[in-house]
Each structure stands twice: as structure tokens, then as C-alpha cells.
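The values are calculated or read from the model by the stated rules, or taken from the named source; none is laboratory data. Being a predicted model, the structure only gives us computed values, none of them experimental. Here the Cβ positions follow ideal geometry from the backbone for every residue, glycine too, while neighbour counts run over all protein chains shown.
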Amino acid sequence: MHYKASLGLKIAAAAGLLFLHLPIMLIFVYAFTTEDKSYQWPPPGLTLKWFAVTWNRPDVWTALGLSLRVAAISTAVAMVLGTLCAAAVARSRFFGRETVSLLVILPIALPGIITGISLRSAFNLVDIPFSFWTIVLGHATFCIVVVYNNAVARFRRTSGSLVEASLDLGATYFQTLRFVILPNIATALLAGGMLAFALSFDEVIVTTFTAGQQQTLPIWMLEELVRPRQRPVTNVVAMVVVLVTFLPIVGAYYLTRGTETVAGQGK
Amino acid sequence: MASTATFGGRVSDAFWRKPRLLLALLLVPPVLWLGIVYLGSLFALLAQSFFSIDEFSGLINYDFTLKTYGELFRPSNFDILLRTVAMAGAVTLAAAIVAFPIAYYAARYANGRWKVIFYLGVMLPLWSSYLVKVYSWKLILAKEGILNWLFETLHLSWVLQAYLSVPGIGGYSLSVSWTGTFLVFLYVWLPFMILPVQAALERVPSSMLEASGDLGAQPGQTLRYVILPLALPGIIAGSIFTFSLTLGDYIIPQIVGTSARMIGQAVYQFQGTAGNIPLAAAFAVVPILVMGIYLTIARRMGAFDAL
């Protein structure tokens, strides 16, 4: 009988975790390098000047602003639609229930390029010009599943008798929603919303198909990857993006900690 | 009851008498959105794969034909399909091997603070920006980058050179070789494999492993005949992600890899510069078909219980 992990297992697990983290940490070093023409390692010197250069780049700010607006609106739409869908699927059995949950998962289960090219050809077909709103349309579609997953897990754990008791005691459906259901699912919704925001903020594959001339931050970054203009600026932006996405993930973790299904497992 | 007189009260009563009405109100907005925006687009795309492109005018010919699907079997196109499926298979296999020890340790031995460290240790890379992760590998694999420097410092450059001279997997440098593409895919999708495997392993009661040991099984035998079969649904669930994501990706092979294309790149080019939407649509149907078959097999093996 062995309650202690064998050395081999420990090494394999530690090596796996290092493999997951070292590349990201490397970005943090590159953000400070003085070298601006190549990806030279080790960095010939360290400097803070690229932070100032990046700060003064209007294209970075425009892209960041667009990404934040797209993520905010897509998250709002996804939260409404995802919660409605979760409430329907979790609370009752009806014909086609499996189909509805499949429909919600499909946009993320199929490769992003299929969602992207489908939307693009549909927009072309009905002559919708590419704009801010076409980006939002695509993002909201695949963000629904994240909110849905979180909400459905919480609805399942929230006892239906609570709702019935509230109604029996004379509350209307709206009062029940306001004072019983919402407080119960609030943290799950917040966690789902944060994850949806992170997902939208980072999305690039669908966006390349649904954006016109606009550049979201990931599109800006892709452009820099394919045709590098100023590598150190890319390094700094990459580092900031990593730091910014850590916040909602750690936040979502602490919001749903201790529950059966911790948020974020189904990206 | 006073509230019944109000509008809210009357609506409430209607919901109470007809629960189906409430259900319908809940379902209509999301189903309409997904049905119109998503399914509508998807079917529009599928329909286009049955059209063809006129080779002389470059215009789309809107008559039903299977000619476009036939083009998929031209050697140059068929190579793209084979190459992509082979890459997806290799990435999935490697991800399962690398993920298993992490998931096993996290599920069985980590507790308290280590549980949190393992959890966030997988979650943070999972949710980190996809492009940043790809970018970090461009830094690592670059000719002047850290990996080459490491080989040089250890005086092992000849090993790397020998490896790169192997046709197929090698190339001029790691950043333009299939090995490079493979490593980036493995890195980016690995967390998608760890989580379901860990979830499956956490459901294995430790008493079962003790029983296996008590009945005389060596640790290796317990692993082979008890743990692995119980972890299999989790591995299959994870493989759905790694396989599907590799099939459809067009950015990683574009940034790190050879000039030989994968399905995603073909779709992107045919719909973009080439303007051949029918062929792009036919290419896009392949991942849908492959995933359909894959999901059917996975469902049979009980993978969906582990999601």
C-alpha cells in the first residue's frame, strides 16, 4: 500500500506543470529586453523603456478599447441568453431538451473556423456590412455556453422547493426571481460572466472572419505576429494581456470555490 | 390576495396555471438567437458546399453538384486532409501521455494548498491568451531563441542538427518544422486534456485501488487494469477537445510551421484570396464529419459522463 506518490510520478507531474508555465514566464522577461530586432536569448540588457513606448501607441489603445467594448456587450447578451436557457433546461423536462443543450454547446464544440466562416458567408449572403456589431454577434454566440454551464450547475444545486415555498407564501414570480432565485445564482452568474468576458477578450479565430477594418487586441497581435513591426511593443502587450486575463480566472475561482463544480473547466 | 390585482400578480398566476408558458418564454430568446445566427449560418455554409465554381469566370454556379466534394480527393487537397488528421491524432496522443501524471497527482495526492496550486496551475494556462501562448513559442523556437541557446550551452547542438535533418519532422529550424507546430499544438491544448482526465480520476474511489493491491496486483498492474480503464472516459472527453481544436486551427501552423497547409489554412485561403467559397465550405465539412464520427464513438464509450 502506498499513500505517497512515487518519485517518477512527482517528476512527471512537476515537469508537466513547468511545461505549462515556463513559456508564459518567458514573455515576462522579453518585455524588458533591450533587443528590438530579434528574439535573442539571453537578453543583452534590461530596460523599462518599452512600457513608455507602448503607452504612447494610439493603435494599441484603439484595439484595447474595441476589445473591451466587444467583450462587455457580448458578455451582457450571453448572460441574458445563457441564464434563460439554463433556467429552462435545469428546471423542467421537455421534448427537445437534449437538442437545446447540444445547440448551446455546438458553437464551441465545432472548430472556431467553422463558426467564423459560416457567419462570414451568412453576413455576405444577407448583405450585412462588417462592423462592431458583427463581431459582437459572433462573440455572444460562443459566449452563451460559458454562462450556461455555470448557471445550469447552480440551478441544479438550488432546490426547486425554495422557489415553490416562495410562491406558496404569496410572492409573485417576479418577487421570487428578485429575492430568491437571483441571490442564489448570483455568484455563478458573475463567474460565468467573467469567463465569458475573458473568452471574448481573447478570441481571434472567429473575429478574423466577422471583423471588417476594425482591430480587436487579438487581431492587432496576430498582425504583429505575422508581420512584426516593433517586437518589443508586442512583448509588452503580451505581458499585460497575460496579467489582465489572470484576474477574472482567479476571481471566478474564488467565487465558485467550495461548490461542486468550480467555474472555468469548460472553456 | 392583493398581489393578484397587479400586473405582476396576474402574469404570475398565468405562469402558475400554465408552466409551459414560462418555459416557452425562457427558451424562445436563446433558441431564436442560436437557431438564426448560428444554425442558419451553418446551414448556409453547408449548402454552399454543393455549389461549384466556374473555372473560367470564377463565379459561383448555383446548381446542385458533388463536383466540389470530388475536388477534395485531388492529391494536393487530400494530402491536406491526411496531414491535418495525422497531426490531430499525434497531438491528442501526446497530450494524453503528458496530461495523465499531472491529472493523477492532482486527483490522488494533492490536497489543501497543493490542490489549489494544481487547479490554478492548469486554469491559468488554459485561460491565458491563445495568441500570447503561440507567441511565446515563437520566442522559444526562434533560431536565436532560448532553446537553441540551451542546446549550445550544453554543447548538444549536434543533437538538434541531427534531429532537424530528419525529413518530415525536421526543417531549417524548429520554428519552421512540423515538430515546432506539434509542440505548440501540444502546449496550447494540453489543459483541455488535463481537466477531464482529472475529473474522471477523482471519481475513482481509493478503496478500489487498495482492493487491487490487497488482491496481489503490482502497482503497474493496478495502473493497467484498474486506473486506466476508469480514466478512459476522461481521456476520450479530453481528446474531443484536443482533436477538434487541432483540426480547425489555422493560426498555429501559419505562425510556427512549414509551408504545407492544414485544413484550417485551406479553408481560410479558399474563402479569402482565392474566392472559392464552395471549396472552402467542402473543406469545412470535413472537420464536422470527422468530429461527428468521433463524437458518436465517444458517446458509446461513455465519454460524455466525464465532461
Please specify each residue of region B:65-75 satisfying the condition of being loosely packed, with under 10 Cβ neighbours inside 10 Å and within 14 Å of B:A281 (Cβ to Cβ).
none
Subset of region B:38-67, residues within 14 Å of chain A (Cβ to nearest Cβ) and in a helix (DSSP H, G or I), comes to B:Y38, B:L39, B:G40, B:S41, B:L42, B:F43, B:A44, B:L45, B:L46, B:A47, B:Q48
Where A:Y148 falls short, out of the listed (1) more than 9 Å from chain B (Cβ to nearest Cβ); (2) in contact with a Pro (Cβ under 9 Å, 6 or more places away or on another chain):
(1)
Go through (1) in contact with an Asp or Glu (Cβ under 9 Å, 6 or more places away or on another chain); (2) in contact (Cβ under 8 Å) with a residue 40 or more places away in the chain; (3) polar (S, T, N, Q) one by one and return the number of the condition A:T83 breaks.
(1)
Among the listed residues B:L279, B:L201, which satisfies the condition of being touching a residue at least 24 places away in the same chain (Cβ under 8 Å) and within 21 Å of B:I97 (Cβ to Cβ)?
B:L201
Among (1) surrounded by 17 or more Cβ atoms within 10 Å (Cβ to Cβ); (2) without any contact (Cβ under 8 Å) to a residue 24 or more places away in the chain; (3) touching a Pro at 6+ places or on another chain (Cβ under 9 Å), which single condition is B:I53 missing?
(2)
Given the options A:L217, A:L247, A:L195, A:L225, name the one that is under 21 Å from the mean Cα position of the chain (by Cα), more than 25 Å from A:A153 (Cβ to Cβ) and within 11 Å of chain B (Cβ to nearest Cβ).
A:L217
Taking A:P232 and the conditions (1) out of contact with any strand residue (DSSP E or B) (no Cβ under 9 Å at 6 or more places or on another chain); (2) surrounded by 21 or more Cβ atoms within 10 Å (Cβ to Cβ); (3) more than 9 Å from every other protein chain (Cβ to nearest Cβ); (4) modelled with pLDDT of 85 or more, which numbered condition does it fall short on, given that it satisfies the others?
(1)
Can you tell me how many residues in region A:134-182 are under 19 Å from B:S12 (Cβ atoms) and part of a helix (DSSP H, G or I)?
19
Only residues that are touching a residue at least 12 places away in the same chain (Cβ under 8 Å) and more than 7 Å from every other protein chain (Cβ to nearest Cβ): list them for region A:5-34, please.
A:F28, A:V29, A:A31, A:F32, A:T33, A:T34
Determine, yes or no, whether A:I128 is in contact with a helix residue (DSSP H, G or I) (Cβ under 9 Å, 6 or more places away or on another chain) and within 10 Å of chain B (Cβ to nearest Cβ).
no
Quick check: anything in region A:41-63 in contact (Cβ under 8 Å) with a residue 12 or more places away in the chain, away from chain B (no Cβ under 13 Å) and in contact with a His (Cβ under 9 Å, 6 or more places away or on another chain)?
no
Name every residue in region A:106-125 that is within 9 Å of another protein chain (Cβ to nearest Cβ), among the hydrophobic types (A, V, I, L, M, F, W, C) and assigned to a helix (DSSP H, G or I), in order of residue number.
A:L106, A:A109, A:I113, A:I114, A:I117, A:L119, A:A122, A:F123, A:L125
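Matching residues to (1) touching a strand residue (DSSP E or B) at 6+ places or on another chain (Cβ under 9 Å); (2) more than 29 Å from A:P111 (Cβ to Cβ); (3) surrounded by 14 or more Cβ atoms within 10 Å (Cβ to Cβ):
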residue: B:V176; (1), (2), (3): no, no, yes
residue: B:L186; (1), (2), (3): no, no, yes
residue: B:A217; (1), (2), (3): no, yes, yes
residue: B:G220; (1), (2), (3): no, yes, no
residue: B:A231; (1), (2), (3): no, no, yes
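Mind counting the residues in region B:209-227 that are farther than 16 Å from B:F100 by Cβ and either touching a residue at least 12 places away in the same chain (Cβ under 8 Å) or part of a helix (DSSP H, G or I) (or both)? Don't jump to the end; show me each part of the working.
Start the filter on region B:209-227 by keeping residues that are farther than 16 Å from B:F100 by Cβ, which leaves B:210-218, B:221.
Checking the rest, the ones that are also either touching a residue at least 12 places away in the same chain (Cβ under 8 Å) or part of a helix (DSSP H, G or I) (or both) come to B:210-214, B:221.
Looking only at that region, the number is 6.
Specify the residue that is farthest from the other protein chains (Cβ to nearest Cβ); the eligible residues are those in region A:159-192 that are small (G, A, S) and under 30 Å from A:T245 (Cβ atoms).
Here is the first cut: in region A:159-192, the residues small (G, A, S) are A:159-161, A:165-166, A:170-171, A:186, A:188, A:191-192.
Checking which are under 30 Å from A:T245 (Cβ atoms) leaves us with A:186, A:188, A:191-192.
Working: A:A186: 18, A:A188: 17, A:A191: 12, A:G192: 13 Å.
Checking each candidate, the answer is A:A186.
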Please state which of the following conditions B:P233 fails to meet, knowing it meets all the rest: (1) within 14 Å of chain A (Cβ to nearest Cβ); (2) under 21 Å from the mean Cα position of the chain (by Cα).
(1)
